[in-house]
Amino acid sequence: MRRWEFVRCRVLGALGVKAVFAGALLAVCLSAATGVEAAARKAVQGPDVRSTAAYVVDTTNGSVVFERKSDVVGPIASITKLMTALVVLDAQQPLDEIIEIANADRWKGKGAFSRLIVGTKLSRGDLLHLALMASENRAARAVGRSYPGGEAAFVRAMNAKAKALGMTQTRFDDPSGLSTENVSSARDLAKLVIAASHNATIREYSTSRKHEVKVGRSRLEFRNTNSLVANPAWTITVQKTGFINEAGECLVMQTMIEERPVVMVLLNSFGKYTRVADAKRIRQWMEAQRPRSLARVGSSR
């Protein structure tokens, strides 16, 4: 082989190695960039929420942080009890007045079980406490029945209050939430949570870990249906859970995230723990966005 041909082969060989190396480096860079882009897309898309409908709003400025199917109307189960409490407290009915659980407070159908037997006598305050904290259905129905004009007048007051709060997609049919005719949307329920958060009694009753009442010669202890209230990592100012088959597992609350009051509404979750897991995923996602502005994400309504 002539010398100039040998040199030419060496040069071409070196250039080939460099080209291969450069190609490999480019591939690594593109892969890394794709990974960063995918992570950015995931952040923009929002948290991996499993609930069918969700609505998250920062109440310091009213900005929507995340939403999914927020205008879809459906049954809301015991989230109803927040409105029940608002109507009772708006009427300034005495909380120390004794009310007796009656046959009329029994629900004929699913969700009929109650630890409060007919004949139980408790104060209106205790009944409201159990309704908000332990989602006691007979307690909610008893305070509704004892409203001036009875349950029918109470339900009218519930719907009037909803209208006053601008809850245009909401309708109430009974004080407990056992009726499938109690319907609303995630967006509307955020308005209810915000209104409830302004009432000190609702804040206290809904976030108690437990409450004990005397029934006859016995004392019964009730516990909060929301496990997050006992979690020291969470600061929850107001909350309510709910479940009937038609509504799925539901959770609404106002909590502090990044030193801001945030309202979460999670509707129609499947499985006992999904709604709580969703709340945790939302919080983790929001905390991960700290360097970025939290513009609204998720547009499926």
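Read the figures in this text as sums done on the coordinates, not as results from a lab. All values derive from a computational prediction rather than experimental measurement. For neighbour counting, all protein chains shown are included, and Cβ atoms are generated from backbone atoms with ideal geometry for every residue, glycine included.
The slack in the chain from Lys280 to Trp107, taken as 0.36 nm per residue of separation less the alpha-carbon distance, amounts to 58.9 nm. The modelled label-to-label distance between Tyr273 and His198, using points 7 Å beyond Cα along the C-beta direction, is 3.8 nm.
Once the C-beta distance of Thr59 and Arg115 is scaled by a Förster radius of 30 Å, the resulting FRET efficiency is 0.30 to the nearest 0.05. Once the C-beta distance of Ala164 and Leu220 is scaled by a Förster radius of 41 Å, the resulting FRET efficiency is 0.70 to the nearest 0.05.
Taking a Cβ cut-off of under 10 Å around Ser114, the surrounding Lys, Arg, Asp and Glu residues balance to a net charge of +2, with basic ones at +1 and acidic ones at -1.
Shape of region 159-279 from its Cα gyration tensor (a ≥ b ≥ c, root eigenvalues): rounded if a/c is under 1.5, otherwise prolate when a/b > b/c, or oblate? Because its axes are fairly even, with a/c under 1.5, region 159-279 counts as rounded.
List the residues, sorted by chain then number, that are 5 or more residues from Arg50 or on another chain and whose placed amide H is less than 5 Å from its amide H. Excluding prolines and chain starts, which carry no amide H, there are no hits.
Give Lys69/Lys272; Lys161/Lys272; Lys108/Lys214; Lys108/Lys240; Lys110/Lys280; Lys191/Lys214 a once-over and call out the pairs whose C-alpha atoms are over 28 Å from each other. Don't jump to the answer; show the numbers that get you there.
Working: Lys69/Lys272 21 Å; Lys161/Lys272 31 Å; Lys108/Lys214 26 Å; Lys108/Lys240 23 Å; Lys110/Lys280 30 Å; Lys191/Lys214 35 Å.
Flagged as over cut-off: Lys161/Lys272; Lys110/Lys280; Lys191/Lys214.
In order along region 121-132, phi translates into HN-Hα couplings of 10, 9, 6, 4, x, 5, 5, 5, 4, 5, 5, 7 Hz, rounded to whole numbers, per the Karplus curve 6.51 cos²θ - 1.76 cosθ + 1.60 with θ = phi - 60° and x for Gly and Pro. The order of Trp285, Trp234, going from fewest to most other C-beta atoms within 10 Å of their C-beta, is Trp234, Trp285.
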